[in-house]
Amino acid sequence: MNILFKWGLRVMPLVYMAIIWIQSSLPSDHFVELPDASLDTTIKESLHLIEFAILYVLLVLAFLTRSRGFTPILNVACAIFAALYGISDEIHQSFVPYRSSSLFDFVKDIIGISVCFYFIRGALFRGRFLWLGKILKRL
């Protein structure tokens, strides 16, 4: 594997975490506000389902580039870390004007992480989702 690609995968979780932090520091309508307020709210609230799932996947990809191997315990650690970062993001948002923080948002974060965890655990450690396992094991 190309060394530049490998290091890119290793740095991506940190870059993504910084993007989440910066985005959480701004009002929710800073970048985009749709004309229909209910649609705007629905789309932005549904992003909680994927925001921290992406972080979990990036963490997994970063650890898959190591030569030591990726273990089930490390997989769980990646999921827990993504969830803890989700909690820290909710706490951070509670101090930002024009932002809200809720337990329900955190539950959505956990659901997204859990879905990705199910597929990655199945592909790497349970013999399911063979196509995904082949892709991940090539890293």
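The values are calculated or read from the model by the stated rules, or taken from the named source; none is laboratory data. The shown structure was predicted, so the numbers you read here are calculated from the model rather than taken from an experiment. FYI the Cβ positions are ideal-geometry reconstructions off the backbone, even for glycines, and counts take in every protein chain you see.
Does Pro72 satisfy being in contact (Cβ under 8 Å) with a residue 60 or more places away in the chain, surrounded by fewer than 14 Cβ atoms within 10 Å (Cβ to Cβ) and not basic (Lys, Arg)? Here the answer is no, as Pro72 does not meet what is asked. Taken over region 55-105, the residue count meeting the criterion of being in a helix (DSSP H, G or I) and not aliphatic (A, V, I, L, M) is 16.
Within the option set Asp105, Asp89, being over 20 Å from Leu14 (Cα atoms) and in contact (Cβ under 8 Å) with a residue 24 or more places away in the chain holds for one residue only, Asp105.
Yes or no: region 37-51 includes at least one residue that is buried (at least 18 other Cβ atoms within 10 Å of the Cβ), within 23 Å of Ala123 (Cβ to Cβ) and either small (Gly, Ala, Ser) or at pLDDT 90 or above (or both). Yes: one or more hits.
One residue stands out among those in region 78-119 that are surrounded by 15 or more Cβ atoms within 10 Å (Cβ to Cβ), of a type in the set (Gly, Ala, Ser) and within 15 Å of Ile50 (Cα to Cα): the one that is nearest to the chain's Cα centre (by Cα), which is Ala82.
Count of region 1-17 residues, restricted to those that are free of Cβ contacts under 8 Å to residues at least 60 places away in the same chain and within 18 Å of Leu84 (Cβ to Cβ), is 3. Using the structure shown, decide if Leu55 is surrounded by 11 or more Cβ atoms within 10 Å (Cβ to Cβ) and modelled with pLDDT of 95 or more. Against the criterion (surrounded by 11 or more Cβ atoms within 10 Å (Cβ to Cβ) and modelled with pLDDT of 95 or more), Leu55 qualifies.
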